[in-house]
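Read-outs: derived from the displayed coordinates by stated rules, not from any lab. Quick caveat: nothing in here was measured; it's all calculated off a predicted structure. Cβ placement follows ideal geometry from the backbone for every residue including glycine, while neighbour counts extend to all protein chains displayed.
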Amino acid sequence: MTSGTSGTALNEKPKKVLFYRHSLAVRITHWLNVLCLSFLLMSGLQIFNAHPHLYWGQYGADALPDPAFLSIEAYADGDSMKGVTTIGPFQFTTTGVLGASKMDGELTPRAFPSWLTIPSYQDLATGRRWHFFFAWFFVINGFVYMLYGMVSRHFRRDLLPTRAELTPKHLAHEIAEHARLRFPKGEEARRYNSLQKLAYVGVGFILLPLMILTGLTMSPGFNAIFPWLLDVFGGRQSARTIHFITASLIVAFVVVHVIMVLISGVWNNLRSMITGYYAIKVDPAPASKGEVSK
Amino acid sequence: MSIDLTRRRFLIGSGVAATGILTGCDAMVRSPSVNAVLEKGEWLSMKAQRLLLGGQQLAREYTEADMSPVFKANGTQMPETDVYKRLIDTNFADWRLEVGGMVKTPKSFSMADLKAMPSRTQITRHDCVEGWSAIGKWTGVPLGLVLEQVGLAPGARYAVFHCADDYEQSLDGSGLYYESIDLVDAWHPQTILSYGMNGKDLEIAHGAPLRLRVERQLGYKHAKYLMRIELVDSFKNIGSGKGGFWEDRGYEWYAGI
């Protein structure tokens, strides 16, 4: 429904209205989250590189016969080497990116390439120091966000999908619209659509908390404090695997999120997450409270 | 067979970057002031865990069915020092554990002395800082019982474990492995001086004749090839002053995370 096609306003041009979409707390915690997750991902890949295998269960070391279901390694290949990624029974040659990649122009055995890790060279101690620092930063930032979201009713008002939004018919319609890259306009764009709500709730309330919990489950000290976490995730090595998979899902979310930002009006989206104001086009009508007309 | 980077190459920042061009991130990584801020995170981790671990909560103990079929050996697996070579030649018959420093009565323990003391057997998970885990069964004498025999002098705060292996070969002994824990962990019931593993005598690859088990921390705290325990009020003047071989090379002293 756009104003141009609605019958009553045929004679008048649709008006651009800026409305206050993102509160200061949401904007600040959003950008701090961007900072934290970037450093956490890159330092996390540095840590992964120290032992590039994933297992399921309580234990797992690269001693046979512990079965790793994912390994990213370098194999000798004549005078040179090749990078090989093994997932279950499948092997992929991934030279140049995974397993073996160039450092200072020389092919070097390393699971993730230097441009994806902090520091770029192999240094587990430093990777851990950055990871845990930003983990604390991330947890405190997340706590502030959660507190704000509950107290201000941001979650209930903006993120909780209504029952009508969750019907299969409505969801199917939205998925079809998204697939055609048709996004809500006008008044409808004032609110998040149900796919947005589900994505944000899924990341904020499932994936990110899962990162914290699986991260803590890898800590031997924390295991003594809350041993039940080991049972929830099926062991320390399972927790490490879930940590990795969940991180991958968050990366996938970020990729989709950034693509959507780019194709649904990049400047409008960026402005709203920086200044708070988002522009929509509406039928000329008396602006409601809190709006700035242009 | 896959190419393994050596543990050393993995654990110590490789020298490659020193000769290469540093990215902006790497320059930041090396800045002392940035590191000083980041180390606050380590301080916070230790304080938080110690707050929650106020009591003497135990690390999880497993059953025999949970044990790793093969327990990965890591770090030094065959010490090269002359002292240790002589010990192997005599099958550790002359080995003694010296306990001294800030204690009331320094003592030296033979293996028979240690084995005559009450023992504790525990099946626990060993977590390497690299990310892997192995579950094994350890038998040994609780460190607390040994400390009771020597009696701590007032002011003693840390137990420092001096080892027979030179992880980094050096002429001045600066490459000798050592570790330290504070008294909270020293008196913990699962902190044992272990002489048995998986029902047998401790093997050389795993630290014969005696290694430390400090179950609520990462693997590098579990010093192998123990020769001497020194009680101190500060580890400032030992090694590079950070409390352990790997600590001197950038790793956290508190390895509970």
Query raised in the report: What percent does the relative contact order of chain A come to when contacts are Cα pairs within less than 8 Å and at least six residues apart?
Result: 30 percent
Query raised in the report: Looking only at Cα atoms, what is the convex hull volume of chain B per residue, in Å³?
Result: 158 Å³
Query raised in the report: In whole Å, what three semi-axes, largest first, describe the equivalent ellipsoid of segment A:1-131 built from its Cα gyration tensor (square root of 5 times each eigenvalue)?
Result: 47, 20, 17
Query raised in the report: Which number do you get for Rg(Cα) / (2.2 N^0.38 Å) in segment B:39-153?
Result: 1.35
Query raised in the report: Cα-Cα over 27 Å: which of B:K72/B:K200; B:K40/B:K236; B:K137/B:K224; B:K47/B:K115?
Result: B:K47/B:K115
Report task. Evaluate the charge dipole of segment B:141-257 about its Cα centre and quote only its size in Debye, nearest 20, assuming +1 on the Cβ of each Lys and Arg and -1 on the Cβ of each Asp and Glu. Result -> 200 debye
Query - Computed [θ] at 222 nm, helices only, for chain B once each DSSP H run of length n ≥ 4 contributes -39500 (n - 2.57) - result: -6500 deg cm²/dmol
Query - Share of pairwise Cα separations in segment A:46-203, more than 21 Å, in percent - result: 66 percent
Query - Two-decimal ratio, segment A:232-277, of alpha-carbon radius of gyration to 2.2 N^0.38 Å - result: 1.74
Query raised in the report: Quick one: what Rg and Dmax do you get for the protein assembly as shown from the alpha carbons, in Å?
Result: 28.3, 104
Report task. Any chance you could give the angle, 0 to 90 degrees and rounded to 10, that helix A:124-151 forms with the longest Cα principal axis of chain A? Result -> 30 degrees
Report summary line: For A:K102, the residues 5 or more places away or on another chain with a placed amide H closer than 5 Å to its own amide H are A:T108
Query raised in the report: In whole Å, what is the distance between the alpha-carbon centres of segment A:104-133 and segment B:118-194?
Result: 30 Å
Query raised in the report: Say the dipole of segment A:47-206 comes from +1 at the beta carbon of Lys and Arg and -1 at that of Asp and Glu; which of A:Y59, A:P119, A:L160 then lies farthest toward its positive end?
Result: A:L160
Requested in this report: Kindly give Rg over Rh for segment A:125-194, based on alpha-carbon atoms, with the Kirkwood expression for the hydrodynamic radius.
Outcome: 1.19
Report task. With an 8 Å cut-off on Cα pairs and a minimum separation of 6 or more residues, tell me the relative contact order of chain B in percent. Result -> 20 percent
Report task. Can you pull a Stokes-Einstein diffusion coefficient for segment A:75-140 at 25 °C (0.890 mPa s), Rh from Kirkwood over Cα pairs, as a whole number of µm²/s? Result -> 184 µm²/s
Query raised in the report: Which whole-angstrom value gives the distance between the alpha carbon centres of segment A:196-233 and segment A:11-87?
Result: 16 Å
Report summary line: Cα gyration tensor of segment A:150-259 diagonalised, 5x eigenvalues square-rooted, in angstrom largest first, produces semi-axes 34, 16, 12
Query raised in the report: Within 10 Å of each Cβ of A:110-123, how many other protein chain Cβ atoms are there on average?
Result: 5
Query raised in the report: So how tilted is helix A:236-263 from the main axis of chain A? Cα-based, degrees 0 to 90, rounded to 10.
Result: 40 degrees
Query raised in the report: Got a sec to turn the phi values of segment A:224-234 into Karplus ³J(HN,Hα) couplings, 6.51 cos²θ - 1.76 cosθ + 1.60 with θ = phi - 60°, whole Hz, x for Gly and Pro?
Result: 6, 7, 10, x, 5, 4, 4, 6, 4, 9, x
Report task. Within 10 Å of each Cβ in peptide B:67-79, how many partner chain Cβ atoms are there on average? Round it to a whole number, please. Result -> 3
Query raised in the report: How big is the equivalent ellipsoid of chain A along its three axes, where each semi-axis is √(5λ) from the Cα gyration tensor, reported in whole Å from largest to smallest?
Result: 44, 22, 19
Query raised in the report: What are the radius of gyration and Dmax of segment B:118-197, computed over its Cα atoms and given in Å?
Result: 14.8, 39
